[in-house]
1. Is it the case that Thr75 is out of contact with any Leu (no Cβ under 9 Å at 6 or more places or on another chain), more than 14 Å from Leu145 (Cβ to Cβ) and of a type in the set (Val, Ile, Thr)?
2. Out of Asp88, Asp25, which single residue is surrounded by fewer than 20 Cβ atoms within 10 Å (Cβ to Cβ) and at pLDDT 95 or above?
3. Which number in (1) outside any helix (DSSP H, G or I); (2) within 16 Å of the ligand (Cβ to nearest atom); (3) crowded, with 19+ Cβ neighbours inside 10 Å marks the one condition that Ala360 misses?
4. Among the listed residues Ser45, Ser10, which satisfies the condition of being within 16 Å of the ligand (Cβ to nearest atom) and either within 24 Å of the chain's Cα centre (by Cα) or within 30 Å of Ile267 (Cα to Cα) (or both)?
5. Return the only residue of Ala41, Ala19 being of a type in the set (A, V, I, L, M), under 13 Å from Ser343 (Cα atoms) and in contact with a strand residue (DSSP E or B) (Cβ under 8 Å, 6 or more places away or on another chain).
6. Cβ contacts < 6 Å: first residue over 11 Å from Gly190 (Cα atoms), restricted to segment 212-236; second residue within 16 Å of the ligand (Cβ to nearest atom) and among the aromatic types (Phe, Trp, Tyr), any location; separation 6+ or different chain. Result?
7. Quick check on segment 368-383. Is at least one of its residues among the acidic types (Asp, Glu), surrounded by fewer than 21 Cβ atoms within 10 Å (Cβ to Cβ) and within 27 Å of Gly283 (Cα to Cα)?
8. So, of the residues in segment 66-96 that are in a loop (DSSP other than H, G, I, E, B) and within 16 Å of the ligand (Cβ to nearest atom), which turns out to be farthest from the chain's Cα centre (by Cα)?
Amino acid sequence: MPIPTEPVGSLPRPAKLQAAIAAYDDGKITRDELKIEQDAACLDSIKRGEATGAPIISDGEQRASSFATYPLADTLAGTGLADTLSGDGQYFAIFTDGHHRQLPRLTHGPFRYKTYAADYLREAMGMSTKPLKQAVIAPSMLALLYPLDGEVEGYTREEFHNDLIDECEKDIRLAFAAGAKRVSIDFTEGRLACRNDPNNPWTGRGMLEGFIQLNNRVLDRFTPEERKNIGIHTCPGGDCDSTHSGDVDYAELLPSMFKMNAGYFLIQLASEPDKERIYKLLGEHSREDANGVPQVCFIGVINPLDPRVETPEEVRDDLLLAAKYIPVERLGSTDDCGFSPFSIDVKPKHGSPDVARDVAFQKIESRVKGTAMASEQLLGKAAVQ
Ligand SMILES: [Zn+2]
């Protein structure tokens with residue numbers, strides 16, 4: 001088996017699709033007209049993904065409002081918001097360039113997803129000749145829908161958590177049933193939970209351990225065989241080419257993160273200033289046996305926020321260095337994050353979302369080539385063929 005390589009999930013939506021989403025929000029086009037653009041963007045994402053030579057791809061999340069809000073609303077502006085929610089929730093994150101992203105607020109129970117990731121995946125399955133992965137949102141993120149203080153009338157936090165766990169489990173099971181080969185859970189709030197930003201009150205509440213427990217309640221519902229293909233993604237955010245928690249030391253997150261009984265982890269690393277130190281931490285804290293599964297560390301070798309395309313040789317060298325600290329049978333490669341976790345993203349450092357799409361596919365190709373080179377060096381030629 002060669003060293004595995006897998007994307008996180010999202011790709012920039014083409015400028016044409018972003019314009020169609022805005023027109024839909026303004027009531028200028030119908031849902032069916034929007035779907036024509038989504039279909040075209042999905043097909044383009046899949047065909048170009050296949051052309052990179054990657055063993056597993058995604059639909060680029062072209063239909064999702066964002067990695068976090070796809071179960072709740074049709075668009076990022078809140079069109080089609082579920083009727084148990086209102087738009088004025090807390091900030092999920094404030095990014096280093098000053099922009100922020102806000103979550104909806106739960107107004108009453110019971111909490112149910114409006115859309116499951118599988119609803120989008122089913123559309124993509126017929127378009128792809130390669131295995132597809134699906135990203136889903138973590139319960140720890142959606143836990144922030146419940147007001148930070150106080151109680152939603154007639155619906156306790158505990159009742160909400162119970163419903164949330166059920167919905168997240170269902171989201172994962174439906175994705176596998178629809179044909180996903182792998183399902184990764186987006187956990188960008190993990191690193192942010194260590195930040196303590198006075199402008200973003202939830203970050204200062206020491207919520208990390210509670211997040212880990214919530215996510216494990218979902219993971220514990222799956223067998224070790226199933227959990228081999230259920231991953232966790234960690235990153236310092238990636239929106240409009242900006243991050244929200246890049247200044248948090250990974251050493252604060254990783255010992256807790258690996259307590260989650262997932263079979264693999266997609267870990268932002270290409271943009272870390274001292275990668276070797278983090279590889280060492282991964283080697284120390286990832287577990288050979290997480291309640292029946294080994295934890296495979298997919299290290300980020302591509303930075304989706306930077307327009308410069310990494311070379312295959314750089315990717316190879318990252319993996320060779322990481323292999324000094326992480327057993328090669330528990331090593332993989334990934335991108336640091338999705339290329340556009342939010343549907344509306346102009347990718348300012350790239351100049352436009354369409355340029356950013358071209359760059360993304362070149363970067364994925366480098367990841368695939370560089371990973372094959374590292375495989376050959378670490379495992380021999382036979383492993384790569
Ligand atoms: Zn990410």
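1. On the way: out of contact with any Leu (no Cβ under 9 Å at 6 or more places or on another chain): no; more than 14 Å from Leu145 (Cβ to Cβ): yes; of a type in the set (Val, Ile, Thr): yes.
Answer is no for this residue.
2. After applying the criteria, what remains is Asp25.
3. Against the list (1) outside any helix (DSSP H, G or I); (2) within 16 Å of the ligand (Cβ to nearest atom); (3) crowded, with 19+ Cβ neighbours inside 10 Å, Ala360 comes up short only on (1).
4. Ser10
5. Criteria check complete, one pass: Ala41.
6. Matching pairs, first to second residue: Gly231/Tyr264.
7. Within segment 368-383, one or more residues are among the acidic types (Asp, Glu), surrounded by fewer than 21 Cβ atoms within 10 Å (Cβ to Cβ) and within 27 Å of Gly283 (Cα to Cα).
8. Our first condition is that a residue be in a loop (DSSP other than H, G, I, E, B); within segment 66-96, this holds for 67-84, 87-90, 95-96.
Now restrict to residues that are within 16 Å of the ligand (Cβ to nearest atom): 67-70, 95-96.
Values: Phe67: 7, Ala68: 9, Thr69: 12, Tyr70: 12, Phe95: 17, Thr96: 19 Å.
Result: Thr96.
The values are calculated or read from the model by the stated rules, or taken from the named source; none is laboratory data. Remember, it's a predicted structure, so these values are computed and weren't measured experimentally. Methodologically, a virtual Cβ is constructed for each residue, glycine included, from the backbone with ideal geometry; neighbour enumeration extends over all protein chains shown.
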